[in-house]
Amino acid sequence: MTAEAKAVTKPATTPAGPASPPLTERQEARRRRILHASAQLASRGGFDAVQMREVAESSQVALGTLYRYFPSKVHLLVATMQDQLQHMHTTLRKRPPAGEEPAERVAETLMRAFRALQREPHLADAMVRALTFADRSVSPEVDTVSRLTTAIILDAMGLDAPPTPEQLSAVRVIEHTWHSALITWLSGRASIAQVKIDIETVCRLIDLTAPEKS
């Protein structure tokens, strides 16, 4: 794992507000129930199916308590995406990509992540819509999603040294392309085959930005 990937900050596990103290074990369990309920509702009916009152009932927390953890549905669904990415990252570390070249490994990793989302299209659509609707109040959560995606890509690259500015720029472009490909697939404007081609094409930037060997 690269130094850049290690630098990814852990997602916030506290109710809304940067000054909130760390969660107790009981509070963390409550938060887990909330995220689980959110994912279940989204999996069944997408963005519109995630209603805060239903999430509160499903997770067995008071509605006011839910809002202290997540001020809005958008906050909740972005946190749900953050949680899903964490699970993906753990799975990918247990079974890393087998390609010989960094570009090949990153493409394989992103397609595996894409296929995981493909199995839950309503959930994927809800999370992507939340990211699209997110305003400045959700910036910390959106930034964490971006950092997790960066960490996944850097892990797959398997660099021997910290990434250069050019490599980090390539990673950002790859992230943007992956996100765009997900949106176009969810809207029915791109096939899985086209997504694969786009991902493999943009991952070639990794080779183009690799430092020259002395």
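The values are calculated or read from the model by the stated rules, or taken from the named source; none is laboratory data. Note that the structure is predicted; figures quoted are calculated from it, not measured. Heads up, the Cβs are rebuilt from the backbone with ideal geometry, glycines too, and the neighbour counts pull from every protein chain shown. Just the protein is used for accessible areas: all its heavy atoms, side chains included, with ligands, DNA and RNA removed. Shrake-Rupley method; radii C 1.70, N 1.55, O 1.52, S 1.80 Å.
Dipole magnitude of region 33-114 about its Cα centre, charges +1 at Lys/Arg Cβ and -1 at Asp/Glu Cβ only, in debye to the nearest 20? Kindly include the intermediate steps, with their values, before the conclusion.
Values: 10 positive and 8 negative charges, 61 e Å.
For this selection, approximately 300 debye.
Once the dipole of region 109-173 is set up with Lys and Arg at +1 and Asp and Glu at -1 on Cβ about the Cα centre, which of V142, A116, G158 lies farthest towards its positive end?
Farthest towards the positive end: A116.
Assuming R0 = 30 Å, what is the FRET efficiency of A62 and T91, from their Cβ-Cβ distance, to the nearest 0.05? Present the calculation step by step, with values, prior to reporting the outcome.
On the way: r = 33 Å, r/R0 = 1.11.
For A62 and T91, the calculated efficiency is 0.35.
Pick out which of P102, P21, P162 has the largest mean-square fluctuation in a Gaussian network model of the chain, springs linking Cα atoms closer than 10 Å.
P21
GluC sites (Glu not before Pro), restricted to region 158-214: which are DSSP loop and have at most 10 other Cβ atoms within 10 Å?
Numbers: sites: E166, E175, E200, E212; in loops: E212.
Answer in residue order: E212.
Helix 192-202 versus the longest principal axis of the chain: what is the Cα-based angle in degrees, 0 to 90, to the nearest 10?
60
Taking a quarter of the surface of the Cα convex hull of region 49-98, what do you get in nm²? Provide the component values of the computation, followed by the final result.
Numbers: hull surface 17.6 nm².
If I average the Cα hull's projected area over directions, I get 4.4 nm².
What label, among (i) 176; (ii) 112; (iii) 126, belongs to volume of the Cα convex hull per residue in Å³ computed from the structure on display?
Only one listed value fits the structure, namely (iii).
For region 89-214, what % of the accessible area comes from carbon and sulfur atoms, probe 1.4 Å?
Details: 3670 of 6940 Å².
For region 89-214, the apolar C and S fraction of the accessible surface comes to 53 percent.
Just to verify a number: FRET efficiency for S180 and R204, C-beta to C-beta distance, R0 = 25 Å, to 0.05?
After rounding, the FRET efficiency stands at 0.90.
With all distinct Cα pairs included, what does the Kirkwood hydrodynamic radius of region 59-158 come out to in Å, to one decimal, could you say? Numbers along the way, then the final one.
Details: mean 1/r = 0.0683 Å⁻¹.
The answer is 14.6 Å.
If you place +1 on the Cβ of every Lys and Arg and -1 on the Cβ of every Asp and Glu, how big does the dipole about the Cα centre of the chain come out, in debye to the nearest 20? Spell out each step's value before the answer.
On the way: 26 positive and 24 negative charges, 164 e Å.
Dipole about the Cα centre, nearest 20: 780 debye.
Set Lys and Arg Cβ to +1 and Asp and Glu Cβ to -1, take the dipole of region 130-214 about its Cα centre, and tell me which of S169, V202, T132 lies farthest positive.
Going by the Cα projections, it comes out as T132.
Pick from V50, V78, V61: which is most flexible by mean-square fluctuation in a GNM of the chain where alpha carbon atoms under 10 Å apart are linked?
Per the Cα network of the chain with a 10 Å cutoff, V61 tops the list.
Can you bin region 97-214 into rounded, prolate or oblate? Criterion: square roots of the alpha carbon gyration tensor eigenvalues sorted a ≥ b ≥ c, rounded for a/c under 1.5, prolate for a/b above b/c, oblate for the rest.
Because a/c hits 1.5 or more and a/b fails to exceed b/c, region 97-214 counts as oblate.
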